[in-house]
Amino acid sequence: MARTPRNTLNPELIVRTALELMESRGTDAFSLRGVAAELGVGPMALYTYFRNKDELYDAVRDHLMGLLPAVPDEVPWPDQVRAVCRSLRLLMLQHPCLAQLLAGRPLSGHETARVAEGLLGVLRAAGFDAETAARTHTTLFTYVLGSTSWEIQMAAERRDPEAWRRLRATMESLSAREFPSVVELAPELARTTGGDEQFDYGLDLLLAGLQLRTPS
């Protein structure tokens, strides 16, 4: 492994390297020692910029969240909300490690706060009171994070022949007498484990309920 040239180590390079390792090995296998080895430096060199692994986690998450586009202007507030939620889901699908980083440390980082500020601003501008805006933000964020994490996991299982075989075997072993609805709807359940249509279906349900609360 080539060593990083002297005086070229910097936070941006460390963050990019950490992201590459997370995406290739997963966040569970990620370590400061692994990042240092990839850069060809001693682990202590990283502590000049990041005091611990959590700080580097936060920096990677902030880097990714900073890629999200700004909330679109001059469209109705429901479309603004859809744009924010769709953009966050797409970013997590492109960088699955982001879902784990958000789930593990959801309230850390300036870029996460920037995204929250954008969504909360849309809701407040639409006339919702503070309580409703806050509850709606939390509901939407957990929906996007939960549904996309599920989608990522199901996609990984489909790519794993053994995991997919076990899942099919489990479904085929279910008794139609004991689980009549699950057995009957198995094809439909399989089609709703992810994808744009399923995500928008859930998001539309949430927005339909929210629009009933629209201030007059």
**Along the chain, longest interval not containing exposed GluC sites (Glu not before Pro), exposed being DSSP loop plus at most 10 other Cβ atoms within 10 Å** = 75-177
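Find how much the distance from residue 185 to residue 114 grows on full extension, using 0.36 nm per residue of separation minus their present alpha carbon separation; answer in nm with one decimal.
On the way: separation 71, 0.36 × 71 = 25.56 nm, distance 4.10 nm.
Stretched out fully, the residue 185 to residue 114 stretch lengthens by 21.5 nm.
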**Asked** In terms of modelled amide H atoms, which long-range or inter-chain residues lie less than 5 Å from the amide H of residue 41?
**Response** 4
**Complete:** Labelled set (1) 64, 52, 25; (2) 44, 44, 41; (3) 67, 57, 30; Cα extents along the principal axes in Å computed from this model equals the value at (1)
**Request:** Report residue 75's accessible area, 1.4 Å probe, all protein chains in place, as a number in Å² to the nearest 10.
**Result:** 60
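What part of the accessible area of the stretch 24-68, given as a whole %, is carbon or sulfur when the probe is 1.4 angstrom?
Working: 1120 of 2260 Å².
Here it works out to 50 percent.
So how much slack lies between residue 54 and residue 13, counting 0.36 nm per residue of separation and subtracting their Cα-Cα distance, in nm?
Values: separation 41, 0.36 × 41 = 14.76 nm, distance 1.70 nm.
Net length gain for the segment: 13.1 nm.
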**Asked** Tell me, what ³J(HN,Hα) does each residue in the stretch 192-205 have, in order and in whole Hz, if you take phi through Karplus 6.51 cos²θ - 1.76 cosθ + 1.60 with θ = phi - 60° and put x for Gly and Pro?
**Response** 10, 8, x, x, 4, 4, 5, 4, 5, 4, x, 5, 5, 4
**Request:** Report, in deg cm²/dmol and to the nearest 500, the calculated mean residue ellipticity at 222 nm for the chain, where each DSSP H run with n ≥ 4 adds -39500 (n - 2.57) and the sum is divided by the residue count.
**Result:** -22000 deg cm²/dmol
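The chain: longest stretch without exposed chymotrypsin sites (Phe, Trp or Tyr not before Pro) (DSSP loop, at most 16 other Cβ within 10 Å), sites themselves excluded?
Details: sites that count: 47, 49.
Result for the longest clean stretch: 50-216.
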**Message:** Could you compute the longest span of the chain free of trypsin sites (Lys or Arg not before Pro) located in DSSP loops and having at most 16 other Cβ atoms within 10 Å, not counting the site residues?
**Reply:** 52-176
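The values are calculated or read from the model by the stated rules, or taken from the named source; none is laboratory data. Predicted model, so just to flag it, every value in this text is computed and none were measured. Please note: Cβ atoms are built from the backbone with ideal geometry, for glycine as well, and neighbour counts cover all protein chains shown. Ligands, DNA and RNA are stripped out before the accessible areas are found, and what is left, the full protein with its side chains, is counted by its heavy atoms. Shrake-Rupley method; radii C 1.70, N 1.55, O 1.52, S 1.80 Å.
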